[in-house]
Structure formats: C-alpha cells, structure tokens
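K.L.:
Below are the structure tokens for one structure; questions will follow.
The values are calculated or read from the model by the stated rules, or taken from the named source; none is laboratory data. Predicted model, so just to flag it, every value in this text is computed and none were measured. Note that we place each Cβ from the backbone using ideal geometry, even for glycine, and neighbour counts take in every protein chain shown.
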Amino acid sequence: MTSEQPRGSADEGTEPDPRFTFANERTFLAWSRTALALVVAGLGVVQLLPPFPGVPWGRHVLGVPLIVFGAVVAVAAYSEWVRSSGRCGTASRCPGRSCRNGWPWSSP
C-alpha cells in the first residue's frame, strides 16, 4: 500500500511549472545585462572619449543619459521580476504575460 498524496488542482495553489520560473529569471537577467551594458557604455563615453574641442561638457551630455537610462532599466527589470514572481506564485495565476508589448513598465 502506498500513501501517495493526490495532486492538487491549479485552483488550490499548487506550485507552478518550473519552466515559468526559469523563464522569468532569464528575462530578468536579460534586462539586467542590458542595463549593465548601458551603464558601462555611459561610463566609457564619459571616461574614455577624448574631450570635444570647444565643448568641454560634451562627453557628459552623451554619457550621463546612458548611465541614467541603464539605472532606470535595472530598477524596472527588478520591479517586473518581483511582480511576475508574485503573479506566478501559484499555478492558478501562471502562465500569463505580465506586460504589454514586452516592456516591463507597461501594465497589462
């Protein structure tokens, strides 16, 4: 005699398929890589480009927006990851697109 517990239905709050969790993590890591690339590009522009003749603040005009946008992307990626993790906490709410058009800051 085996004492096998019956599997719960999706409405009972069972664990979601791990593929959804892994996909959520891969998406977060992709956004994080993009944010890191933006910040590094901004730092490279500010630190490594030679000064523009006659425009001493020219490197900062190009580099600082890249750094700020990279920080915004990192924060948006983290907030979307937390929101998607909470949404996919049970199988009854997963899978589902948590954002419209692939942008993490748009709501469904």
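K.L.:
Residue by residue through region 37-77, note down the ones that are of a type in the set (F, W, Y) and in contact (Cβ under 8 Å) with a residue 12 or more places away in the chain.
P.N.:
F69
K.L.:
Just to be sure, is T14 in a loop (DSSP other than H, G, I, E, B) and modelled with pLDDT of 55 or more?
P.N.:
yes
K.L.:
Among all residue pairs at least 6 apart or on different chains, which show Cβ distances below 8 Å where the first residue, located in region 17-36, is touching a residue at least 12 places away in the same chain (Cβ under 8 Å) and the second is outside any helix (DSSP H, G or I)?
P.N.:
D17/C94; D17/P95; F20/C88; F20/C94; F20/P95; T21/C88; N24/C88; W31/P104
K.L.:
Could you look through region 52-63, keep only residues that are assigned to a loop (DSSP other than H, G, I, E, B) and modelled with pLDDT of 90 or more, and pick out the one that is nearest to the chain's Cα centre (by Cα)?
P.N.:
Looking at residues that are assigned to a loop (DSSP other than H, G, I, E, B) and modelled with pLDDT of 90 or more, I get W57.
K.L.:
Inspect region 19-33 for any residue being within 30 Å of S79 (Cβ to Cβ), exposed (fewer than 11 other Cβ atoms within 10 Å of the Cβ), at pLDDT below 95 and polar (S, T, N, Q) and give the result as yes or no.
P.N.:
no
K.L.:
Output the number of residues of region 15-61 satisfying the condition of being touching a strand residue (DSSP E or B) at 6+ places or on another chain (Cβ under 9 Å) and either over 30 Å from E80 (Cα atoms) or of a type outside the set (V, I, T) (or both).
P.N.:
2
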